[in-house]
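**Q** Before anything else, here's the structure in question.
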């Protein structure tokens, strides 16, 4: 089942406490998100399902609205953007972990102590870093960089990645971590450009990853920042304008309007 990222302006607690599943009251996407379909006006609500999310030191059970395309028969889920597809913890917590590792330079032990009292397992924190390095650093960096450069060729590009990213013993992992650092910096540039030149953004500082999920979706890319390199379902080739995962020619850079 595919995921459609939707912006929910309230907190996870407010979403969970809603008397009616918020997805039942939100406007449906105009077109089917599948690239082979793209039928207009064919999406209908198709039941709901429950899932858990850890946020704000609490476990919440929330309802997710499911959709179905009458043209192609595929189903999609309206996923609030405080959730990352196939992840149990809130996007903001994963953003905090990656910021502490990539930008601040903390090691895993220090990061784990910073996360009190909401503590995912140490192995989970390590897996997030590895999955973000693979997803953002290997699969997505070139697509984001090309997008930003299409907005402005006259910009100061990110400098060298910080030295603390050299501490990994694996050369391939060091390379991916440095690229994921640059992905973060290019994403910050995109956020700043949009805020100044195009629209009033609705994302706060702790929703930077949510903002990036919407950008991925707007470009026809799977809205996932963390891809585990160990799973057979993870792509092995970076997303680019030259494969089906990234049809940039059909979605010019200036057409990106966040919610």
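**Q** Can you pull out every residue in segment 35-48 that is surrounded by fewer than 14 Cβ atoms within 10 Å (Cβ to Cβ) and either closer than 30 Å to residue 59 by Cβ or at pLDDT below 90 (or both)?
**A** Hits for segment 35-48 are 35, 36, 47.
**Q** Then there's this: Could you check, for segment 133-140, whether at least one of its residues is out of contact with any helix residue (DSSP H, G or I) (no Cβ under 9 Å at 6 or more places or on another chain), crowded, with 16+ Cβ neighbours inside 10 Å and in the same structural domain as residue 205 (by TED's automatic domain parsing)? Write out each step before concluding.
**A** Keep residues of segment 133-140 that are out of contact with any helix residue (DSSP H, G or I) (no Cβ under 9 Å at 6 or more places or on another chain), which gives 139.
Those still in the list that are crowded, with 16+ Cβ neighbours inside 10 Å too: 139.
Then drop every residue that is not in the same structural domain as residue 205 (by TED's automatic domain parsing), which leaves 139.
Yes, some residue in segment 133-140 is out of contact with any helix residue (DSSP H, G or I) (no Cβ under 9 Å at 6 or more places or on another chain), crowded, with 16+ Cβ neighbours inside 10 Å and in the same structural domain as residue 205 (by TED's automatic domain parsing).
**Q** Quick one: residue 155 ticks every box in (1) in contact with a strand residue (DSSP E or B) (Cβ under 8 Å, 6 or more places away or on another chain); (2) over 25 Å from residue 6 (Cβ atoms) except a single one, so which number is it?
**A** Single failed check for residue 155: (1).
**Q** Among the residues of segment 16-29, what is the count of those that are within 17 Å of residue 60 (Cβ to Cβ) and free of Cβ contacts under 8 Å to residues at least 24 places away in the same chain? Walk me through it before giving the result.
**A** Of the residues in segment 16-29, the ones within 17 Å of residue 60 (Cβ to Cβ) are 16-23.
With free of Cβ contacts under 8 Å to residues at least 24 places away in the same chain added as a condition, the list becomes 17-20.
Final tally of qualifying residues: 4.
**Q** Now for a separate question. Looking at 32, 69, which is the one that is surrounded by 12 or more Cβ atoms within 10 Å (Cβ to Cβ) and touching a residue at least 40 places away in the same chain (Cβ under 8 Å)?
**A** Unique residue meeting the criteria: 32.
**Q** Something else: Of everything in segment 105-121 that's under 24 Å from the mean Cα position of the chain (by Cα) and part of a helix (DSSP H, G or I), which residue is modelled with the lowest pLDDT?
**A** That would be 114.
**Q** Does residue 86 meet the test of being within 29 Å of residue 178 (Cβ to Cβ), at pLDDT below 95 and within 16 Å of the chain's Cα centre (by Cα)? Reasoning before the result, please.
**A** Working: within 29 Å of residue 178 (Cβ to Cβ): yes; at pLDDT below 95: yes; within 16 Å of the chain's Cα centre (by Cα): yes.
It is true that residue 86 is within 29 Å of residue 178 (Cβ to Cβ), at pLDDT below 95 and within 16 Å of the chain's Cα centre (by Cα).
**Q** Name the single residue, out of those in segment 222-249 being loosely packed, with under 12 Cβ neighbours inside 10 Å and either modelled with pLDDT of 90 or more or not in a loop (DSSP other than H, G, I, E, B) (or both), that is farthest from the chain's Cα centre (by Cα).
**A** Here the residue is 249.
**Q** If you take the residues in segment 182-221 that are part of a loop (DSSP other than H, G, I, E, B) and in contact (Cβ under 8 Å) with a residue 60 or more places away in the chain, which one is surrounded by the most Cβ atoms within 10 Å (Cβ to Cβ)? I'd like the intermediate steps shown before the answer.
**A** Step one: of segment 182-221, the residues part of a loop (DSSP other than H, G, I, E, B) are 198-204, 219-221.
Remaining after also requiring in contact (Cβ under 8 Å) with a residue 60 or more places away in the chain: 202, 219-221.
Values: 202: 13, 219: 22, 220: 18, 221: 20.
The selected residue is 219.
**Q** Report yes if residue 63 is within 30 Å of residue 165 (Cα to Cα) and either touching a residue at least 40 places away in the same chain (Cβ under 8 Å) or more than 22 Å from the chain's Cα centre (by Cα) (or both), otherwise no. Steps first, please.
**A** Details: within 30 Å of residue 165 (Cα to Cα): no; either touching a residue at least 40 places away in the same chain (Cβ under 8 Å) or more than 22 Å from the chain's Cα centre (by Cα) (or both): yes.
Taking the combined requirement at face value, the residue does not satisfy it.
**Q** Among the residues of segment 1-15, how many are surrounded by fewer than 18 Cβ atoms within 10 Å (Cβ to Cβ) and in contact (Cβ under 8 Å) with a residue 40 or more places away in the chain?
**A** Kept after step one, since they are surrounded by fewer than 18 Cβ atoms within 10 Å (Cβ to Cβ), are these residues of segment 1-15: 1-2, 7, 9-11, 13-14.
Within this subset, residues satisfying the condition of being in contact (Cβ under 8 Å) with a residue 40 or more places away in the chain are 1-2, 7, 9, 11, 13.
Selection size over segment 1-15: 6.
**Q** Also, I was wondering about something else. Considering every residue within segment 168-181, establish whether at least one is under 21 Å from the mean Cα position of the chain (by Cα) and surrounded by fewer than 16 Cβ atoms within 10 Å (Cβ to Cβ).
**A** no
**Q** Mind checking which residues of segment 2-52 are part of a loop (DSSP other than H, G, I, E, B) and either at positive phi or not assigned by TED's automatic domain parsing to the domain that holds residue 64 (or both)? Spell out how you get there, then give the answer.
**A** Keep residues of segment 2-52 that are part of a loop (DSSP other than H, G, I, E, B), which gives 7-11, 18-21, 25-30, 32-39, 41-42.
38, 41, listed by residue number.
**Q** Checking the structure you have, find out if any residue of segment 44-58 is over 21 Å from the mean Cα position of the chain (by Cα) and free of Cβ contacts under 8 Å to residues at least 12 places away in the same chain.
**A** Scanning segment 44-58 turns up no residue that is over 21 Å from the mean Cα position of the chain (by Cα) and free of Cβ contacts under 8 Å to residues at least 12 places away in the same chain.
This table checks each residue for (1) in contact with a strand residue (DSSP E or B) (Cβ under 7 Å, 6 or more places away or on another chain); (2) in a loop (DSSP other than H, G, I, E, B).
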residue: 67; (1), (2): yes, no
residue: 73; (1), (2): no, yes
residue: 77; (1), (2): yes, no
residue: 94; (1), (2): no, no
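The values are calculated or read from the model by the stated rules, or taken from the named source; none is laboratory data. Predicted model only: the values in this text are computed from it and were never measured. Note that each Cβ is placed from the backbone with ideal geometry, even for glycine, and that neighbours are counted across all protein chains shown.
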